[in-house]
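This report concerns only the one structure given below.
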Amino acid sequence: MKKEECKICKYFWNILISLDQLVNTIFGGDPDETISSRAGKDQLKGRKWAIWLCWFLNKFDTKHCSKSIEEDEGDNSI
């Protein structure tokens, strides 16, 4: 039963990531990048929206945006 629970958790985690990427795409981001990765990159560029979002996310997970940066994603943003 443990292995089955892990498969179910993985399934729902994958759904959450895909929803995250969908929202990022709706707002003009790369379809294969999460909001946190995009925010982490934009925070380094000094963009206010990203600074505020990362500040909020850091309340739940220290350095969340910095840890989420995907260097190989983001080239397909508009």
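Just wondering, is there one or more residues in segment 53-61 that are loosely packed, with under 10 Cβ neighbours inside 10 Å and of a type in the set (A, V, I, L, M)? Please lay out each step first, then the result.
Of the residues in segment 53-61, the ones loosely packed, with under 10 Cβ neighbours inside 10 Å are 59-60.
Next, from what is left, pick out any that are of a type in the set (A, V, I, L, M): none.
No.
If we keep just the residues of segment 29-52 that are of a type in the set (A, V, I, L, M, F, W, C) and within 11 Å of the chain's Cα centre (by Cα), which is surrounded by the fewest Cβ atoms within 10 Å (Cβ to Cβ)? Out of the qualifying residues, it is Ile35.
Scanning segment 36-78 for residues that are charged (D, E, K, R) and within 19 Å of Leu22 (Cα to Cα) gives Arg38, Lys41, Asp42, Glu70, Glu71, Asp72, Glu73, Asp75. In segment 13-30, the residues that are closer than 17 Å to Gly74 by Cβ and of a type in the set (Val, Ile, Thr) form Cβ pairs under 9 Å with partners that are in a helix (DSSP H, G or I) and modelled with pLDDT of 95 or more, at six or more places apart or across chains, as follows: Val23/Ile35.
Could you list all residues from segment 12-41 that are within 18 Å of Cys54 (Cα to Cα) and not in a loop (DSSP other than H, G, I, E, B)?
From segment 12-41, those within 18 Å of Cys54 (Cα to Cα) are 17, 20-21, 23-24, 27, 29, 33-41; that's our starting set.
Across segment 12-41, the qualifying residues are Ile17, Asp20, Gln21, Val23, Asn24, Ile35, Ser36, Ser37, Arg38, Ala39, Gly40, Lys41.
The values are calculated or read from the model by the stated rules, or taken from the named source; none is laboratory data. For clarity, every value in this text was computed on a predicted model and none was experimentally measured. In this analysis, Cβ positions are derived from the backbone assuming ideal geometry, glycine residues included, and neighbour counts consider all displayed protein chains.
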